[in-house]
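Colleague: One structure, as structure tokens, below. Some questions next.
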């Protein structure tokens, strides 16, 4: 019975953190924390990163995938089917990589830094590739004429994705450090029984 209740708690927590990520993304869109080139600064990654730390890589990947699909339907901007795969179906699940540091983070909050850096860099990698492959035509003419089509697209994708993701990373880290004492709060169903 204990294993089953642990599974139920894990799945429920994951669903709650996905919902929180969706709410944070909607708030971000509503308030409009966007950079001039449309990149959105948001805390939406934080719940996915936290569930990865609380429950591990598998739950983080699942949460990221589900959030990516929901995010696409809510705000999906795509130019090509491949951009859906890279920007939503790959970029968000890799946030689950933060779960690789869960044992170390339990001992010290300082490990939030490499955990978040790894996960957000992995997200950046897929978004960067998508920008180079599928969104090169959106690069401002200045980039393309100055550096050439290929290098201009690479630089633009790096600047575009790097700017909003690095700011989002910093904000997520600051909030994570602030709430670190409750990240591993354990729910005990035995105490909640009537």
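Colleague: Determine which member of the set 43, 100 is part of a loop (DSSP other than H, G, I, E, B) and farther than 15 Å from residue 183 by Cα.
Modeller: Numbers: 100 fails: part of a loop (DSSP other than H, G, I, E, B).
One residue alone meets the criteria, 43.
Colleague: Also: Enumerate the pairs (first residue in region 1-30 and at positive phi and modelled with pLDDT of 95 or more; second residue anywhere and loosely packed, with under 15 Cβ neighbours inside 10 Å and in a helix (DSSP H, G or I)) with beta-carbon separation below 6 Å, excluding pairs fewer than 6 apart on the same chain, so at least 6 apart or on different chains.
Modeller: Qualifying pairs under 6 Å: none.
Colleague: Answer yes or no as to whether residue 95 is on the phi < 0 side of the Ramachandran plot, outside any helix (DSSP H, G or I) and in contact with a helix residue (DSSP H, G or I) (Cβ under 7 Å, 6 or more places away or on another chain). Write out each step before concluding.
Modeller: On the way: on the phi < 0 side of the Ramachandran plot: yes; outside any helix (DSSP H, G or I): no; in contact with a helix residue (DSSP H, G or I) (Cβ under 7 Å, 6 or more places away or on another chain): yes.
When the stated conditions are applied, residue 95 does not pass them.
Colleague: Here's something else I'd like to know. Can you tell me which residue within region 108-156, out of those that are outside any helix (DSSP H, G or I) and within 24 Å of residue 45 (Cβ to Cβ), is modelled with the highest pLDDT? It would help to see each step written out before you state the result.
Modeller: So the first thing to find is which residues in region 108-156 are outside any helix (DSSP H, G or I), and the list is 108, 135, 139-140, 148.
Those left that are additionally within 24 Å of residue 45 (Cβ to Cβ): 108, 135.
Details: 108: 94, 135: 80.
Ranking the candidates gives 108 first.
Colleague: Here's a follow-up. Test residue 100 against the stated conditions and say whether it is touching a residue at least 60 places away in the same chain (Cβ under 8 Å), under 16 Å from the mean Cα position of the chain (by Cα) and closer than 22 Å to residue 52 by Cα.
Modeller: Numbers: touching a residue at least 60 places away in the same chain (Cβ under 8 Å): no; under 16 Å from the mean Cα position of the chain (by Cα): yes; closer than 22 Å to residue 52 by Cα: yes.
Spelling it out, it is not the case that residue 100 is touching a residue at least 60 places away in the same chain (Cβ under 8 Å), under 16 Å from the mean Cα position of the chain (by Cα) and closer than 22 Å to residue 52 by Cα.
Colleague: On to the next question. Please find, among 164, 156, 160, 143, the residue that is surrounded by 15 or more Cβ atoms within 10 Å (Cβ to Cβ), touching a residue at least 12 places away in the same chain (Cβ under 8 Å) and in contact with a strand residue (DSSP E or B) (Cβ under 8 Å, 6 or more places away or on another chain). So that I can check it myself, show each step before the final result.
Modeller: Values: 156 fails: in contact with a strand residue (DSSP E or B) (Cβ under 8 Å, 6 or more places away or on another chain); 160 fails: in contact with a strand residue (DSSP E or B) (Cβ under 8 Å, 6 or more places away or on another chain); 143 fails: in contact with a strand residue (DSSP E or B) (Cβ under 8 Å, 6 or more places away or on another chain).
One residue alone meets the criteria, 164.
The values are calculated or read from the model by the stated rules, or taken from the named source; none is laboratory data. Note that the coordinates shown come from a computational prediction; the quantities given were computed from them, not determined experimentally. All Cβ positions, even for glycine, are placed from backbone atoms using ideal geometry, and neighbour counts span all protein chains on display.
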